[in-house]
Amino acid sequence: MNDIEALLRGVLPEKKKKPGVSKKREIHDLIDGKYVAENVFLIENKFKINYEHNGNKLIKYQVHPLILKYSGLDKANIENLLFIDTETTGLAGGTGTYVFQIGIGFFKEDEFVLKQFFLTDIASEKCLIDELLKEVDRQSVYVSYNGKSYDIPLINARSIFNKCIGKLNKFNNIDLLHISRRFWRDMLENYSLQNIERNILKSNRE
């Protein structure tokens with residue numbers, strides 16, 4: 001029978017293969033990390049001081065007095081800075097806007113720690129915000145780009161909606177968008193983060 005099958009395969013036209021059903025790939029299949037709560041996947045990286053990216057070195061400076069002045073802060077210890085950014089389902093910021101990714105960064109001893117929290121199911125948004133609130137304390141000063149007007153209020157709104165315990169203090173915020181507008185007033189066509197990176201930092205995204 002095997003000989004006949006082999007002979008027929010050589011004579012008859014091949015059957016077209018049916019397109020296979022692609023298997024759903026989860027985030028843990030694509031990148032290293034771990035689940036820290038229900039449907040909350042954490043990717044964590046640590047960078048040593050003097051780590052270089054696109055020609056820019058990671059240096060542990062104290063906060064410049066002008067930045068403190070423009071932010072309305074008397075002081076801010078570098079160890080208390082919490083860099084924060086979010087990805088959301090929209091830009092309106094209303095009740096239908098969900099947070100599905102939160103990135104934070106902070107200095108710890110001789111390293112900069114970067115944590116990215118990904119939500120794999122929107123129904124678990126409360127778990128995502130709870131994980132963020134664990135990283136925050138009363139001394140935290142948030143560093144963001146348009147976070148004072150968007151990210152922080154949105155996180156607080158979602159925190160209330162999900163009945164989370166705690167919220168972010170919107171006054172402890174170094175918003176680099178507002179500072180950029182003051183520093184480089186009338187010098188740039190727009191003040192998007194990408195434009196600041198390209199024209200001020202001379203760094204292009206990969």
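Readers should treat all values here as calculations from the given coordinates under stated rules, not as data from a laboratory. What you are looking at is a predicted structure, and each value in this text was computed from that prediction instead of being measured. Cβ sites come from the backbone with ideal geometry, for glycine too, and all protein chains shown count toward neighbours.
Couple of notes before you dig in:
- Karplus (6.51, -1.76, 1.60) ³J(HN,Hα), θ = phi - 60°, over the range 120-127, in Hz, Gly and Pro reported as x: 8, 8, 4, 5, 9, 4, 4, 5
- Segment ALA123-GLU38, length gained on full extension (0.36 nm per residue, minus Cα span): 29.6 nm
- Top of LEU188, LEU132, LEU73 by mean-square fluctuation, Gaussian network on the chain, Cα under 10 Å: LEU188
- Between the range 41-110 and the range 179-206, the alpha-carbon centres lie 17 Å apart.
- Applying both filters, DSSP loop and at most 16 other Cβ atoms within 10 Å, to the chymotrypsin sites (Phe, Trp or Tyr not before Pro) of the range 166-206 gives PHE171, TRP184.
- Simple label model, 7 Å out from Cα along Cβ direction - PHE171 to LYS134, nm: 2.9
- Computed log10 I(q)/I(0) for the chain at 0.16 Å⁻¹: -1.22, from the Debye equation with unit scatterers placed on every C-alpha and solvent omitted.
- Relative to the current alpha-carbon distance between ASN162 and ILE67, full extension at 0.36 nm per residue lengthens the span by 30.8 nm.
- Among GLY96, GLY166, GLY147, residue whose mean-square fluctuation peaks in a GNM of the chain (springs only between Cα atoms under 10 Å): GLY96
- Expected 222 nm ellipticity per residue - DSSP helices of 4 or more, -39500 (n - 2.57), all of the chain, to 500: -7000 deg cm²/dmol
- Compared with the direct C-alpha span, the chain from LYS75 to ILE49 gains 7.1 nm at full extension, assuming 0.36 nm per residue.
- Within the chain, longest stretch clear of exposed trypsin sites (Lys or Arg not before Pro) (DSSP loop, no more than 12 other Cβ within 10 Å): 76-137
- Over 27 Å apart at the Cα level, from the set LYS46/LYS69; LYS34/LYS134; LYS48/LYS69; LYS57/LYS108; LYS57/LYS134; LYS115/LYS163, are LYS46/LYS69; LYS48/LYS69; LYS57/LYS134.
- Taking amide H as placed 1.01 Å from N in the peptide plane, the amide H of SER203 sits under 5 Å from that of ARG198, each at least 5 places away or on another chain.
- Gaussian network model of the chain, Cα within-10 Å springs - most flexible of ILE122, ILE31, ILE179: ILE31
- Loop-located GluC sites (Glu not before Pro) in the range 110-199 whose Cβ has at most 13 other Cβ within 10 Å (DSSP): GLU189
- Rel. contact order, % - alpha carbon contacts under 8 angstrom, at least six apart, the chain: 18
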